[in-house]
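Worksheet for the structure shown next.
The values are calculated or read from the model by the stated rules, or taken from the named source; none is laboratory data. Every value quoted in this text rests on a predicted model; they were computed, and no experiment measured them. All Cβ positions, even for glycine, are placed from backbone atoms using ideal geometry, and neighbour counts span all protein chains on display. To get the accessible areas, we keep the full protein, side chains included, count just its heavy atoms, and leave off ligands, DNA and RNA. Shrake-Rupley method; radii C 1.70, N 1.55, O 1.52, S 1.80 Å.
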Amino acid sequence: MRSDRSSAPLGLKIAAAAGLAFLHLPLLLIFVYAFTTEERSYQWPPPGLTLQWFAVTWNRPDVWQALGLSLKVAAISTVIAMILGTLCAAAVSRTKFFGRETISLLVILPIALPGIITGIALRSAFNLADIPFSTWTIILGHATFCVVVVYNNAVARFRRVSGSLVEASMDLGADGFQTFRHVILPNIGTALVAGGMLAFALSFDEVIVTTFTAGQQQTLPIWMLEELVRPRQRPVTNVVAMVVVLVTLLPILAAYYLTRDGDQIAGSGK
Amino acid sequence: MTTAVAFEKISRHFGTVKAVDAVDLDIREGEFFAMLGPSGSGKTTCLRLIAGFERPTAGRLSIFGERAEDVPPYRRNVNTVFQDYALFPHLNVTDNVAYGLMVKGVAKEERRRAADAALELVKLPGYGARRPGQLSGGQRQRVALARALVNRPKVLLLDEPLGALDLKLRENMQEELKALQKSLGITFVFVTHDQGEALSMADRIAVFDHGKVKQVGTPEEIYKTPNSRFVADFVGSSNVLPPDFVERHVGEKRWASLRPESVRLVAEGPGAIAATVISSAYLGGTTRLGLDVEGHRINAVLPAGEPCPADGKPVHISFARDDLHLMDEAG
Ligand SMILES: Nc1ncnc2c1ncn2[C@@H]1O[C@H](COP(=O)(O)OP(=O)(O)OP(=O)(O)O)[C@@H](O)[C@H]1O
Ligand SMILES: [Mg+2]
């Protein structure tokens, strides 16, 4: 992976800087308002700075409840996605069966579809099947797109391991279990972890599908949405927003570093 | 001499594709056995049958006298050098070579020593810490060879191991492989579609066509006395003569083969056959003439120093009756 060392023209640099500013300035604003002394409206510049909102947030049980639910939903959908996504990827890349490409497309479709379609579809399906809306319906909804993320990460790696590497391992005396442990797992492990982290981050800040599949429960993003219309203690939302940014950013960064150089996979120190 | 691998009427069909069809083979212990044939003739499938990656749809397979159809690959005392080498990208060279010992539970120190010895054997000492991605094609091939040999297999299977190497490297490796096989005494089964490679390296050759074995024999037998038009065509630059031609000049209505070096230019006279020179190619030690003889193309090889007639010139040729090899295939 060589990067192009020749420098870009000045105009391009300015455009890139403007683009970055456009992307990141609003984020910065959110962070600043978490410290403002004004609680009813977002006033610029903030009349004063305070740390009190962190304490207020800490003492709000509804925040803890929403955070707990979000973490639970993200964790369980990620586990489901990692199991199903890996199995799908293994099946699609290891064997040649009729309709293989179609299956691949069908797995990827949920992420290509707008969330609102997925949401409506799931909601009517749950209604038809008389399934009451609960934490589990949210988890099911999130799992649909989490599976895709894990699948996409795993399938490329699986292709690389499939076929002759597995045969080489068997040829050298390793049975199925040893082959899985010493050849398949080290080669797909990082891709799986990366896929799982992305899935977790996606699930943690999901709004649309959640709106359609939730009952009375509030995940953290939904809680924030409701909070915005309330005139009191507004900066609490900003404090929570910072937490959301951290919780989603860290796994994404980790996933990025894990998959960055795909051909130098760690975990070979035998 | 013991039989290392025996095929008895073995078939491997994929649906309607008869990849291997009723093949009989006896590969002897300690020999360098080549499987030669054009693309798609079933060589790789035969190798995979021996390695255990394919199961025969019919027939009996024995390895050192034991029935092998139901033995999984990891319990066969057979190792493969894969065409694409199939080195483990996540392991360094030492760990790649020691893999077979590792899964058998050999202690770390011992397998390290064995791996180093194997790398020494394939002339790649000191490369243990590298990743496969940091090696050249030729070096990868040596690692693949060391990885197979470290397990001391009774049979080593090689699927076109030299196919990806350039000509010079390939010639070096041919000699090295041959020497290695002689010194280790391991049975080598070598797949190739290069007849020169098969002729120069193998003790015996099986010629494959459409999933069938057309002929098995020493390189000399295969080269001098091909039993069919296909073998004569594929193995040598032999002239294949059709039955009507053979009948006119020898009296028997059979397909025959005639090696180019047996064709002589002679003066007009009894027994001489009129021909026209179509082409000539200077090959250093010899000159190859393309001749038109009664509408058939016949190649002749002239030793250096003999005067070479110009293209389009009428000449006369003859050959000794004994040099004409009549093939089993009837006209
Ligand atoms: N898994 C499979 N499914 C279906 N057909 C197959 C399979 N493996 C091989 N074949 C077919 O069997 C025939 C023999 O294949 P094989 O790979 O043994 O040929 P080969 O002699 O090794 O050719 P090459 O020199 O190109 O490697 C081919 O027609 C091939 O398409
Ligand atoms: Mg082949």
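Worth pointing out:
- Translational diffusion coefficient (Stokes-Einstein; Kirkwood radius from C-alpha pairs) of chain A at 20 °C, 1.002 mPa s, in µm²/s: 100 µm²/s
- Scanning residues 5 or more positions from A:Thr36 or on other chains, those with amide H under 5 Å from its amide H are A:Thr50, with H placed 1.01 Å from N in the peptide plane.
- Simple Cβ-charge dipole of the protein assembly as shown, Lys/Arg +1 and Asp/Glu -1, about Cα centre, in debye nearest 20: 1620 debye
- When A:Ser41, B:Ser183 are compared by accessible area of protein heavy atoms, the largest-first order is B:Ser183, A:Ser41, using a 1.4 Å probe.
- Relative contact order of the stretch A:63-169, pairs being alpha-carbon contacts under 8 Å that are 6 or more residues apart, as %: 51 percent
- Among B:Ala304, B:Ala118, B:Ala272, residue whose mean-square fluctuation peaks in a GNM of chain B (springs only between Cα atoms under 10 Å): B:Ala304
- Amide H contacts for B:Thr80 (H built 1.01 Å from N in the peptide plane; partners 5 or more residues away or on another chain; cut-off under 5 Å): B:Leu157.
- Shielding by partners, peptide A:173-185 (average Cβ within 10 angstrom, other chains): 4
- A simple count of charges around A:Pro235, restricted to other residues whose Cβ falls under 13 Å of its Cβ and scoring Lys, Arg +1 and Asp, Glu -1, yields +2.
- Note on the protein assembly as shown: antiparallel DSSP beta bridges, both residues inside, total approximately 75 percent of the bridges counted.
- The stretch A:149-182-the stretch B:46-110 distance, computed between alpha-carbon centres (Å): 15 Å
- For a straight C-alpha distance cut-off of 16 angstrom, the aspartates and glutamates reachable from B:Lys313 (same-chain residues fewer than eight places away being disregarded) are B:Glu268, B:Asp292, B:Glu294.
- Considering only A:His24, B:Met327, B:Asn92, the residue lying farthest towards the positive end of the dipole of the protein assembly as shown is A:His24, judged by Cα position with unit charges set on Cβ.
- C-alpha center-to-center spacing [the stretch B:227-282, the stretch A:1-75] in angstrom: 87 Å
- Most mobile of B:Glu294, B:Glu220, B:Glu31 in a GNM of chain B (Cα contacts under 10 Å): B:Glu294
- With DNA, RNA and ligands ignored, accessible area of A:Trp223 (1.4 Å probe; Å², nearest 10): 10 Å²
- 10 Å Cβ neighbours from other chains, averaged over peptide B:74-80: 4
- Entries in B:Lys43/B:Lys212; B:Lys123/B:Lys168; B:Lys9/B:Lys182; B:Lys104/B:Lys154; B:Lys182/B:Lys212; B:Lys154/B:Lys214 that, when Cα-Cα distance is taken, lie over 19 Å: B:Lys9/B:Lys182; B:Lys182/B:Lys212; B:Lys154/B:Lys214
- Backbone phi angles across the stretch B:11-26, fed through the Karplus curve with coefficients 6.51, -1.76 and 1.60 (θ = phi - 60°), yield HN-Hα couplings of 10, 9, 9, 10, x, 8, 7, 8, 4, 9, 10, 6, 9, 10, 8, 10 Hz in residue order; Gly and Pro are listed as x.
- Total charge dipole magnitude, the stretch B:3-233, about the Cα centre, Cβ charges on Lys, Arg, Asp, Glu only, Debye to nearest 20: 600 debye
- Under the convention that each Lys and Arg Cβ holds +1 and each Asp and Glu Cβ holds -1, the size of the dipole of chain A around its Cα centre is about 360 debye.
- When B and A come together, around 2100 square angstrom of accessible surface is lost from both chains combined, probe 1.4 Å.
- Helix-only [θ]222 nm of the protein assembly as shown, DSSP H runs n ≥ 4, -39500 (n - 2.57) each, per residue, nearest 500: -15000 deg cm²/dmol
- Summarising the amide proton neighbourhood of B:Phe190: residues at separation of 5 or more, or on other chains, whose placed amide H is nearer than 5 Å comprise B:Phe33, B:Ala34, B:Met35, B:Leu158.
- Span-like helix ranges in chain A, DSSP H, alpha carbon extent 20 angstrom or more, Kyte mean at least 1.0: A:10-33, A:61-94, A:185-204, A:235-260
- Over the stretch B:3-233: Kirkwood hydrodynamic radius from C-alpha pairwise inverse distances, Å: 18.1 Å
- Rel. contact order, % - alpha carbon contacts under 8 angstrom, at least six apart, the stretch A:105-244: 34 percent
- For the residues B:Arg248, B:Arg48, B:Arg152, a GNM of chain B with alpha-carbon springs under 10 Å puts the largest fluctuation on B:Arg248.
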